[in-house]
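Only one structure is covered here, and it is reproduced in the block below.
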Amino acid sequence: MNEPNMISPENTVLNRESNAPASQPLEEIDILWLTAGLGCDGDTIAMTGASLPSIEDIVLGAIPGIPKVTLRSPVLASESGEDFVRHFRRAAEGKSKDFILVIEGSIPNENNKAEGYWAAFGVDEISGQPISTCEWIDRLAPQAWAVIAAGTCATYGGIHAMEGNPTGCMGLADYLGWGWRSRVGIPIINVPGCPIQPDNFTETLLYVLRNAAGRAPQIPLDDGLRPSWLFGETVHEGCDRGGYYEQGDFTDFYGSRRCIVKLGCWGPVVNCNVGKRGWMGGIGGCPNVGGICIGCTMPGFPDKFMPFMNQPPGSLLSTNAVMTYGRTIHALRRFTQGSLNKEPEWRKRDRPRLTDI
Ligand code: SF4
Ligand code: SF4
């Protein structure tokens with residue numbers, strides 16, 4: 001009998017758009033984490049700091065309602081060399097159990113040069129030549145139950161995809177196609193961030209695992225293929241410094257607690273939740289702790305946000321407007337605040353006694 005919180009009465013995974021069963025619920029699943037794009041492994045490192053949920057809770061079976069998970073990440077594995085690569089070989093040959101493919105790092109264009117390669121992982125058993133990252137993606141993506149791009153390099157290309165970069169790097173959706181779907185009908189899932197906010201990644205992974213277990217519908221994504229509930233609001237809407245912005249109180253030096261838009265913060269137009277969520281354990285989050293938002297979760301990053309330390313052009317108009325009314329309102333609030341900081345007159349020891357009235 002189905003549990004009360006199960007989405008499908010047939011105990012099947014729902015395809016959100018067609019409402020048709022996408023696959024049978026899974027009891028076990030592998031996570032194959034490929035860090036062989038152009039990147040710094042920073043997303044794997046960031047993910048180890050997650051607590052809502054932690055990756056340990058996911059792989060140790062501490063969370064009910066998800067399949068048994070085996071994580072295969074080159075950064076965290078105890079195996080090395082061919083002992084590790086063989087898991088990917090078997091998956092590419094269609095010989096492994098269902099798996100979620102996680103891609104970390106930017107995808108290079110291996111067709112833009114006469115020889116050599118930009119990125120690779122393992123070697124071909126027959127030729128002894130490196131297997132390019134693109135080849136791994138070509139082999140693994142069609143077999144995967146779902147594909148997640150972790151971090152801004154894998155999602156949108158990131159730093160490696162800056163104009164003029166000789167690698168021709170791009171994000172996974174530009175490589176596979178924005179309309180790409182896994183064999184069970186799930187689009188590429190993008191979790192951008194440079195690096196990923198730890199809990200954003202593990203929460204997304206948990207959602208996908210709940211979907212795989214038949215206990216959640218297909219993940220809702222925005223136009224950038226980001227989980228819509230995580231990236232639906234701006235940094236500004238959750239920033240600790242929002243009150244200063246609203247009253248036109250801007251700083252022009254680091255170390256101040258006031259709004260840092262004039263130092264180059266793009267928070268008002270950037271979809272990211274770290275202002276509200278913080279970085280680890282609810283603490284931190286770029287502008288909350290004095291770092292300008294440079295828009296690292298956005299498809300236009302980094303080119304459209306550069307030079308980073310300049311005030312965003314659009315904010316010149318908005319900050320002037322806010323300064324006009326914000327400072328006036330702030331001054332008026334001082335009167336109200338002054339009044340509210342005094343006790344009512346009747347709470348005095350020498351107030352008139354009732355019998356005196
Ligand atoms: S620091 Fe940035 S995100 Fe925060 S209130 Fe100012 S402009 Fe908005
Ligand atoms: S606040 Fe801005 S710079 Fe910081 S993680 Fe979010 S998008 Fe990136």
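Given only helices, namely DSSP H runs of n ≥ 4 each adding -39500 (n - 2.57), what is the per-residue ellipticity at 222 nm of the chain, to the nearest 500 deg cm²/dmol?
That calculation yields -7500 deg cm²/dmol at 222 nm.
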Note down the relative contact order for the chain as a percent, whole number, built from C-alpha pairs under 8 angstrom at least six residues apart.
-> 16
Taking H as built 1.01 Å from N, whose amide H comes closer than 5 Å to the amide H of residue 102, not counting residues under 5 places away?
-> 32, 33, 34, 148
What are the residues whose amide H is under 5 Å from the amide H of residue 221, where those residues sit 5 or more places off or on another chain and H is modelled from the backbone?
-> 228
For the stretch 75-90, in order, what is each residue's ³J(HN,Hα) by Karplus, 6.51 cos²θ - 1.76 cosθ + 1.60 with θ = phi - 60°, in whole Hz (x at glycine and Pro)?
-> 7, 10, 6, 8, 7, 9, x, 4, 4, 8, 4, 4, 4, 6, 4, 4
What residue among 105, 141, 48 has its Cα farthest toward the positive end of the dipole of the stretch 37-172, where the charges are +1 on Lys, Arg and -1 on Asp, Glu, each on the Cβ?
-> 141
In debye, nearest 20, what is the charge dipole magnitude of the stretch 30-139 about its Cα centre with +1 on Lys and Arg Cβ and -1 on Asp and Glu Cβ, if you could check?
-> 260
Among the lysines, select those whose C-alpha is under 21 Å from the C-alpha of residue 97, and discard any that sit fewer than 8 residues away in the same chain.
-> 68
Measuring from centroid to centroid over Cα atoms, what is the spacing of the stretch 26-58 and the stretch 193-248 in Å?
-> 16
Read phi for every residue in the stretch 166-183 and hand back ³J(HN,Hα) as whole Hz from Karplus 6.51 cos²θ - 1.76 cosθ + 1.60, θ = phi - 60°, with x for Gly and Pro.
-> x, 6, x, 4, 8, x, 4, 5, 6, 7, 7, x, 5, x, 4, 9, 6, 5
Output the peptides 40-46, 125-131 sorted from most to least packed, where packing is the average of other Cβ atoms within 10 Å over each peptide's residues.
-> 40-46, 125-131
Based only on the alpha carbon positions, what is the Kirkwood hydrodynamic radius of the chain, in angstrom?
-> 22.8
Identify which of 255, 300, 94 has the largest mean-square fluctuation in a Gaussian network model of the chain, with springs joining Cα atoms closer than 10 Å.
-> 255
For the stretch 316-331, Karplus couplings with θ = phi - 60° (6.51, -1.76, 1.60), whole Hz, Gly/Pro x | 4, 5, 5, 6, 5, 5, 5, 5, 5, 8, x, 6, 5, 5, 4, 5
Listed by chain and number, the residues whose amide H is under 5 Å from that of residue 233, excluding neighbours fewer than 5 places away on the same chain and using placed H, are 272
Towards the positive end of the charge dipole of the chain, with charges on Cβ (+1 Lys, Arg; -1 Asp, Glu), say which of 164, 76, 314 has the farthest Cα.
-> 314
Pull the list of the chain cysteines that no other Cys approaches to under 4.7 Å, Cβ to Cβ.
-> 40, 134, 153, 169, 239, 259, 265, 272, 286, 293
Sorted on mean Cβ neighbours within 10 Å (highest first), peptides 232-245, 48-61 come out as 232-245, 48-61
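Read-outs: derived from the displayed coordinates by stated rules, not from any lab. Being a predicted model, the structure only gives us computed values, none of them experimental. Glycine also receives a Cβ, built like all others from the backbone with ideal geometry; neighbour counts cover every protein chain displayed.
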